[in-house]
Amino acid sequence: MQQFEFLVPRSLTEIVELMEQYGNNCKVVAGGTDIVTALRENRLIGISKLVDIRRCPELRGISRSEDGLWIGAGMTHSEIACSPDIKSLFPLLVEACSQIGSKQIRNLATLGGNVANASPAADSIPALLCLDAQVRLQSTRSKRQISLQSYLSEKKQRGSGTIGELSGTTEELVEGFFLPFSLPNTQAKFVKVARRQAMAISRLSLAILLHRENQVVDRVRLVPGAMLPVTQRLVDVENYLSGKELTSEVIQRTSQLASQQVIMETGRRSSFEYKIPVLEGLIQQVLQEFREGD
Amino acid sequence: MAKKRVSITVNGQLIDQEIEESLRLIDVLRNELFLTGTKEGCGIGECGACTVILDGKTVNSCMVLALSANGGVVETVEGLGTHKKLHPVQEAFLDNHAVQCGFCTPGMLMSAKALLDENPQPSEEEIKEAISGNLCRCTGYVQILEAIKKASTHADCQNG
Amino acid sequence: MNDNVRRLDALAKVTGQTQFTDDLHLPGQIIGKVLRCQQTHARISALEITEALQVPGVLTIMLAADLPAHTTWSTYPLLARERVLYQGDAVALVAAESEQAALAALSKIKVEYEPLPAVLSIDEALKENAPIIHEGQIDNRVPNSHWPVSKGNIEQGFAESDVILEREYITSHIEHAYIEPEAVLVTTDWDNSIIVYGSTQNPFNTRRAVATATGFPLNKVRVVQQAVGGSFGGKEESMGLLASRAAILSLQTGRPVKMVYSREESMVESSKRHPFRFRYKVGAKRDGRIMALQTELVDEGGAYNFQAQFMNWRACVHAAGVYRIPNVRVDVYAVHTNRVFSGAMRGYSSPQIIFAQESLMDELALELGMEPLELRQGNFLQEQDETITGQVLTEPVNAENVTLRALELADYDNKRLEYARQDLDSPVIRGIGFATSFRGCGLGAESTDATGALVSVQEDGSIILRSSLTDMGQGLQTAHAQLAAQELGVSLERIVSKTVDTSMVPDGGMTVASRGTFSGGKPVIQAAARIRKTLFSVAAKKLACEPRDLVGEEDWIMVRDDFERRISFDEVVSSAFWSGYQLNETGWFQPNPLVWDHDTGQGEAFPSYTYGCVVADVEINRITGITIVKKLVAVHDIGRVIHPGAAEGQVYGGMAMGLGMATMEELTFNEGLITNPNFDKYLIPTAADMPEAVIEFRHSEGNSGAGGAKSLGEAALESVPAAVANAIGAAGFRIRKLPALNEDILVELKAGR
């Protein structure tokens, strides 16, 4: 186990100050499920300080505003899965978070941690992207709110070192997420494909969110998980589906476009021999379910 | 090696002592407090043998840095019951042959207890979900699920 | 008997009081660790420890040259000297005050390796000019691991067949995945003998290993078995190495040494279930009678070998399944590779073989246009039939009976029809299939099935029971106590069953082959019976009758049918004790020697056999290829059931282990190095994966087991993977390799439909 100093700041301000002060030598720890594993395997290169943010009150809480819901980054997956607000407003997020790890992991691991770690197999991310989640970031110098997609792209560009290494925190802390209210009658589904029925890393996952007005799709989000280096919406596919009705041909074409877009993004991986047909099949199945759900 | 003070309530008793910063909660329980009922099976939060209840929720104690649990309330198997007075779920495990090698048992019991505290009349699905993070290689889980179901109809559990 | 008592050891387990090895602490104990090479095959060209020695808290670092006595145990090097043969070979031994210091020292040891050509599969091992892994051998076959069977005339058998089928089946490395990793604590006694506290399935083997490694005579090494958190055959080679290394460090430093494996260490350096490559050729008449079976079974032994020579014998006996076949040729042999070594795992080749051979039966049935049951009914062994190894079965043979009952319980006929008509557009495909097997009980002709036990009645009537065999979770202590209690006519509460302490019980061989009750119960009954005889002679004098008039029941010794004339067990014991009678007996069971001819593979293999059938009902997701086992039904003939709850527990556990082997478990490698050495990537079933499970035991009499009980531990597992494979086959996807992963099923799905 790596050696480190464990700092316990008492406020959000103090947290970001420590992050500024120690830069790449420190890492914030919420639930700790990713960090502790990395420590055990000596993968936290150059980290000498851990900053405890698990119970910081400013990172916790779920509250409604006029346009949407605020979820503190420190909320655990269990809390999210049990939250009456999230269950009624964003069942897609509940579906995703309730399948992460085991109950013990869900009781500890946080939404913020899942996003900040940004593993390609992270289950919450496809759901959050479909829900147009915004990430609020704070540092000593600035406070900004950007789309989750931008956050993930920025992270990727900054680079995270060799695979498996968790590099030091940059000075921005993920404070929480803002999810704008969905339109009424929005349909959404999260599918997880794994090798066993519980406590399993996703082999691949899929989140689709759809709204139709008089049968015509006027809003759609489609995100495959555990397939792309940076999980993202398949925007070209979404554009294709917008303005159309869910006929068999459209559903078929949508699934094909999706796999094409994935291959274009990443090239052909060996795992794709399995994942591509499964992705296509799942997209078709979900869209058919949506169509029948009328 | 630097030390810091940690204050945790374990099985109702306040523990206040200096520990090395890198210790996990499981290390404090097993090696500082000699509460060896909690076991380490994998070290990465995948087997659940280290399950304890922290602030009312089950967690893998191998994944919690001890200092992160500062001020918290921890329940381990040692606090569940004694030879003289067993918790209903312990009695149920004994009566339903839910114990073979016994290594996963403490973690299982804590997951069961946490479930019954929150949900005194769980469905079979809910029981399965509650213990899906506790691996067992001996029993095939059936008698464990039956034991928890039986314990859930016991009066003590219903009173919460 | 047939009593569902609470297990004797369970109270301590549910209160967290049981002391597993890592729960023990001795003052002054230090931590031992090894440095593993993480190479498949290499020469050690440089090894530098000066920097590591400087780490604060490090007491000693030992290399191969520093070992005090033998440098290998069995074929396993305690530390590699010049050449490493697989990933887990250790090159240095470190003892330090803390785990942190030990790990820091490991990271500072500098080793340079010159890679050598590596052999990484069965096929590679058998290639014409494959590198020879073990010096002095002419090829990579594991010595003495070849067991042939030759019965009848194989060429003629095929000539008489109307249909001939040839198939190849493959199984993968399986990890025991006991939840408790290996652990030892070694210290010295006041007389400088060594004490080893350990999580060991076979304490006497561990003792032998430590004696070999330290040069101590056996009487100066004492192994005290702690509660074992699961073993399933896996804590054998690794425990021998672990205990030896810890003992060496303890002698070197003069301190107690604790060594506990991380899960990764446990997976890298512990034996695995042998992967097998099966090539079967079967010939049958149109009416289904099997005329000839020829099979080559090759198992991957890995870098070192301890057991293939024993395991492959059992393999050859069971290679053709529970069928009557007149012409048979079997060849089993193991090969070395530069991968992790294989060893004993619950079943000892049977789950792999049954998968191959029962799959073959279903494939043959399909070829003949027969139902799977129909084909088997025409070939099942019956009483007075001869097995492929020439043994005439004189005890009841229930292969067909357990099969019919299991199929009935599973509603097989209706399901089969229903699934045959299933909608091709439905998102899931169902299949139902089964596998029937038999298993020789105990060690049979493999090695001597002799074992012992001590029963010691104390002056106050309390009883100490010590078996030579271990309880590693399966409930042996309770089963033996039940046998002793029944024999003595006393309540179970009187009896304390102790773990194995090698200085206190005779060496009764390994607790393997599901012999714990079948064989291990016999000396318990014997010893108890002798004590009963003594007590009855004392009681007879007091009751003025003959000993043969007495019965012992519920803590009383009384005249048969004359309840009034009785005396309490306690009173008789006290009287006997103070009169100087012997109330401690050692029972020893020595079986009749079984005759076996190596070259023909004919002889008397086992004294008794169990019979079992498992039916699996699966659901395959058409899009993802994921197979979910929805229901398992198991019917077993194990003679008499001593403890129903424990027996069911064995079967449920076997179901979980079997479905894991069928659908999700395999060790994965990248160029010979394990890529999934922990539970995040080596998946075993969770509670959510367990199907609906139905169990029935079919009672039978006339077997040679203790208390009329045959074996169960391994029988509980061995047919499950085959049943699942046959269910998947019935759904339309014949799997010839385990595990049947979703990827493999999907390939079949895309190909077929």
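Points worth noting:
- Meets criteria (under 30 Å from C:R416 (Cα atoms) and aliphatic (A, V, I, L, M)) for C:V633: yes
- Helices (runs of 4 or more DSSP H) completely within segment A:96-208 that count 1 or more residues being touching a residue at least 40 places away in the same chain (Cβ under 8 Å), closer than 23 Å to A:G23 by Cβ and more than 14 Å from chain B (Cβ to nearest Cβ): A:111-117, A:148-158
- For segment C:684-701, the set of residues classified as in a loop (DSSP other than H, G, I, E, B) and facing another protein chain (nearest Cβ under 9 Å) consists of C:I684, C:P685, C:T686, C:M690, listed by residue number.
- Subset of segment C:556-592 (residues that are under 43 Å from the mean Cα position of the chain (by Cα) and of a type in the set (D, E)): C:D570, C:E585
- Of all residues making up segment C:403-440, the number that are outside any strand (DSSP E or B) and hydroxyl-bearing (S, T, Y): 4
- Filter pass, C:Q38 being more than 14 Å from chain B (Cβ to nearest Cβ), within 28 Å of the chain's Cα centre (by Cα) and among the polar types (S, T, N, Q): yes
- Of the residues making up segment C:272-303, those that are touching a helix residue (DSSP H, G or I) at 6+ places or on another chain (Cβ under 9 Å), crowded, with 21+ Cβ neighbours inside 10 Å and outside any strand (DSSP E or B) are C:H274, C:P275.
- Test: B:I53 is of a type in the set (A, V, I, L, M) and away from chain C (no Cβ under 13 Å): yes
- The one condition in (1) within 23 Å of C:L749 (Cβ to Cβ); (2) crowded, with 21+ Cβ neighbours inside 10 Å that A:L234 fails to fulfil: (1)
- Of all residues making up segment C:571-594, the number that are touching a residue at least 60 places away in the same chain (Cβ under 8 Å) and surrounded by 12 or more Cβ atoms within 10 Å (Cβ to Cβ): 13
- Given (1) more than 16 Å from C:L78 (Cα to Cα); (2) within 14 Å of chain B (Cβ to nearest Cβ); (3) within 17 Å of the chain's Cα centre (by Cα); (4) not aromatic (F, W, Y), number of the condition C:H274 does not satisfy: (2)
- Any hit, segment C:262-271, residues being among the small types (G, A, S), out of contact with any helix residue (DSSP H, G or I) (no Cβ under 9 Å at 6 or more places or on another chain) and at pLDDT 95 or above: no
- The residues listed here are C:I638, C:I642; of these, the one that is under 16 Å from C:R405 (Cβ atoms) and modelled with pLDDT under 95 is C:I638.
- Within segment B:1-50, if we keep just the residues that are of a type in the set (S, T, N, Q) and under 20 Å from A:M1 (Cα atoms), the residue that is nearest to the other protein chains (Cβ to nearest Cβ) turns out to be B:S22.
- Tally of residues being out of contact with any Asp or Glu (no Cβ under 8 Å at 6 or more places or on another chain), of a type in the set (S, T, Y) and either surrounded by fewer than 21 Cβ atoms within 10 Å (Cβ to Cβ) or within 14 Å of chain A (Cβ to nearest Cβ) (or both) across segment C:52-101: 5
- Where helices (runs of 4 or more DSSP H) fall entirely within segment C:95-202, those with at least 1 residues that are within 30 Å of C:G283 (Cβ to Cβ) are at C:122-126, C:154-159.
- Matching residues in segment C:603-628 - criterion: being in a strand (DSSP E or B) and within 17 Å of C:Q422 (Cβ to Cβ): C:A616, C:D617, C:V618, C:E619, C:I620, C:N621, C:T627, C:I628
- From the list C:T517, C:T499, C:T478, the one residue that fits, being of a type outside the set (G, A, S) and touching a helix residue (DSSP H, G or I) at 6+ places or on another chain (Cβ under 6 Å), is C:T517.
- Filter result for A:L89 (out of contact with any strand residue (DSSP E or B) (no Cβ under 7 Å at 6 or more places or on another chain), modelled with pLDDT of 95 or more and more than 22 Å from A:K27 (Cα to Cα)): no
- Members of segment A:245-289 found to be charged (D, E, K, R), closer than 17 Å to A:V193 by Cα and out of contact with any helix residue (DSSP H, G or I) (no Cβ under 6 Å at 6 or more places or on another chain), listed by number: A:E273, A:K275
- If you go through segment A:216-228 and keep only what is surrounded by fewer than 20 Cβ atoms within 10 Å (Cβ to Cβ) and touching a residue at least 40 places away in the same chain (Cβ under 8 Å), you end up with just A:L228.
- When residues of segment C:663-681 are limited to those that are touching a Ser or Thr at 6+ places or on another chain (Cβ under 8 Å) and within 14 Å of chain B (Cβ to nearest Cβ), the one surrounded by the fewest Cβ atoms within 10 Å (Cβ to Cβ): C:K681
- Residue check, C:T600 away from chain B (no Cβ under 14 Å), among the β-branched types (V, I, T) and buried (at least 24 other Cβ atoms within 10 Å of the Cβ): no
- Some residue of segment A:236-243 being touching a strand residue (DSSP E or B) at 6+ places or on another chain (Cβ under 8 Å) and of a type in the set (S, T, Y): yes
- Qualifying helices (runs of 4 or more DSSP H) (wholly inside segment A:2-95; at least 3 residues being within 14 Å of another protein chain (Cβ to nearest Cβ), free of Cβ contacts under 8 Å to residues at least 40 places away in the same chain and surrounded by fewer than 22 Cβ atoms within 10 Å (Cβ to Cβ)): A:77-82
- Leading residue by the ranking (surrounded by the fewest Cβ atoms within 10 Å (Cβ to Cβ)) among those in segment B:54-102 that are of a type in the set (K, R) and part of a loop (DSSP other than H, G, I, E, B): B:K84
- Qualifying residue in segment C:376-383 (condition: assigned to a helix (DSSP H, G or I) and touching a residue at least 60 places away in the same chain (Cβ under 8 Å)): yes
- Any chance C:Q226 is surrounded by fewer than 21 Cβ atoms within 10 Å (Cβ to Cβ), of a type outside the set (S, T, Y) and farther than 27 Å from C:S349 by Cα: no
- Candidate set from segment B:112-128 (those that are at the interface with chain C (Cβ under 10 Å from one of its Cβ atoms) and closer than 15 Å to B:A147 by Cβ); member that is surrounded by the fewest Cβ atoms within 10 Å (Cβ to Cβ): B:K128
The values are calculated or read from the model by the stated rules, or taken from the named source; none is laboratory data. Since we're looking at a predicted model, the values are computed, not measured. All Cβ positions, even for glycine, are placed from backbone atoms using ideal geometry, and neighbour counts span all protein chains on display.
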